[in-house]
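Please read the structure below before turning to the comments.
The values are calculated or read from the model by the stated rules, or taken from the named source; none is laboratory data. Not measured: the values here are computed from a predicted model. Here Cβ is always computed from backbone atoms with ideal geometry, including for glycine, and neighbour counts include all displayed protein chains. The area values use the complete protein model at the heavy-atom level, side chains included, leaving out ligands, DNA and RNA. Shrake-Rupley method; radii C 1.70, N 1.55, O 1.52, S 1.80 Å.
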Amino acid sequence: GADVAITYVRSAERAAQVVDRIEAQGRRGMAIQADSAEPDQVADAVRRTAEVLGRLDVLVNNAGIFALGELGRFSRRDVERTLAIHVHAPFAAAQAAAEVMADGGRIISIGSNLVERTGAPGMTLYTMSKAALTGLTRGLAHDLGARGITANVVHPGNTDTDMNPADAPHADEERIRTPLGRYADPADIAATVAHLAGEGGRFI
């Protein structure tokens, strides 16, 4: 039931397909080219959304990369890019959203279950960045709570995405670690986000 703006980096055609799906449901949709590695672009996208669509009720931060490797092999650029996408961009987006968001709004970020259980070596940079996202969310809840704006982070388990496909070489090993024995579908995560964004999420 919402008008929706999305951001994309390179996949203009896929972004247009998403907008078509939104508009097919009778809502307004828009796609904005913005790279989350450049937090200012994300903040500008938030402001533009509010300007074009007339208001902002919900912000969802869900851009991510999976920086995996030996500790000593990460370059400074690797670290800066990961933190830009997972921490600086959500912070900048939240700052921009706080300026234009209606009271009672929602800020929802997508984290990772690896914050709670890092089960293998090579994940230090990724888990560090997602842990920072959790701290950001807790702070936002206090900064914006007086306006009825909630802040939440969703920590999915393994989810079938381009970044972590369910047919990857390591997928069977990951399924064994999951009580349900399967990868989540993106729609499973979206349902949780929709709940947090709706009336049912007003005290979470």
Tell me the accessible surface of ASP44 in square angstrom (1.4 angstrom probe, heavy atoms of protein chains only), to the nearest ten.
90
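When only C-alpha pairs under 8 Å and at least 6 residues apart count, what is the relative contact order of the chain, in percent?
Contact order relative to length: 18 percent.
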What does DSSP give for the chain in terms of the percent of beta bridges that are antiparallel, rounded to the nearest 5?
0
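Quick check: net charge around THR118, other residues with Cβ under 13 Å of its Cβ, Lys/Arg +1 and Asp/Glu -1? Mind dumping the intermediate values first?
On the way: positive: ARG117, LYS130, ARG177; negative: GLU116.
With Lys, Arg at +1 and Asp, Glu at -1, the neighbours total +2.
Probe of 1.4 angstrom, ligands and nucleic acids ignored: what's the accessible area per residue over the chain, in square angstrom?
On the way: 11880 Å² over 204 residues.
That works out to 58 Å² for each residue.
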Top mean-square fluctuation among GLY145, GLY105, GLY119, Gaussian network model of the chain, C-alpha springs under 10 Å?
GLY119
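So between ASP167 and PHE74, what do we pick up on full extension, going 0.36 nm a residue minus the alpha carbon distance? Kindly include the intermediate steps, with their values, before the conclusion.
Details: separation 93, 0.36 × 93 = 33.48 nm, distance 2.66 nm.
Here the segment from ASP167 to PHE74 would lengthen by 30.8 nm.
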Need one number: nm distance between label points at ARG10 and HIS142, each 7 Å from Cα along Cα→Cβ, rounded to one decimal.
4.1
Distance from the stretch 33-71 to the stretch 91-110 (C-alpha centre basis), Å
11
Identify the trypsin sites (Lys or Arg not before Pro) of the stretch 17-112 meeting these criteria: DSSP loop state and at most 15 other C-beta atoms within 10 Å of the C-beta.
ARG27, ARG28, ARG55
Could you check how much of the accessible area of the chain is carbon and sulfur, as a whole percent, using a 1.4 Å probe?
51
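Go through the stretch 9-89 and name the GluC sites (Glu not before Pro) that are in a DSSP coil and have 10 or fewer other Cβ atoms within 10 Å of their Cβ.
Details: sites: GLU13, GLU23, GLU51, GLU70, GLU80; in loops: GLU70.
Passing sites in the stretch 9-89 are GLU70.
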Sequence order, the stretch 133-144: Karplus ³J(HN,Hα) from phi using 6.51 cos²θ - 1.76 cosθ + 1.60, θ = phi - 60°, Hz rounded, Gly and Pro as x, gives 4, 5, x, 4, 5, 4, x, 4, 4, 6, 5, 10
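DSSP loop chymotrypsin sites (Phe, Trp or Tyr not before Pro) in the stretch 101-204 with at most 13 other Cβ atoms within 10 Å of their Cβ, which ones? Provide the component values of the computation, followed by the final result.
On the way: sites: TYR126, TYR183, PHE203; in loops: TYR183, PHE203.
Sparse-neighbourhood loop chymotrypsin sites (Phe, Trp or Tyr not before Pro): PHE203.
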Relative contact order, percent, of the stretch 1-78 when contacts are C-alpha pairs under 8 Å separated by at least 6 residues?
25
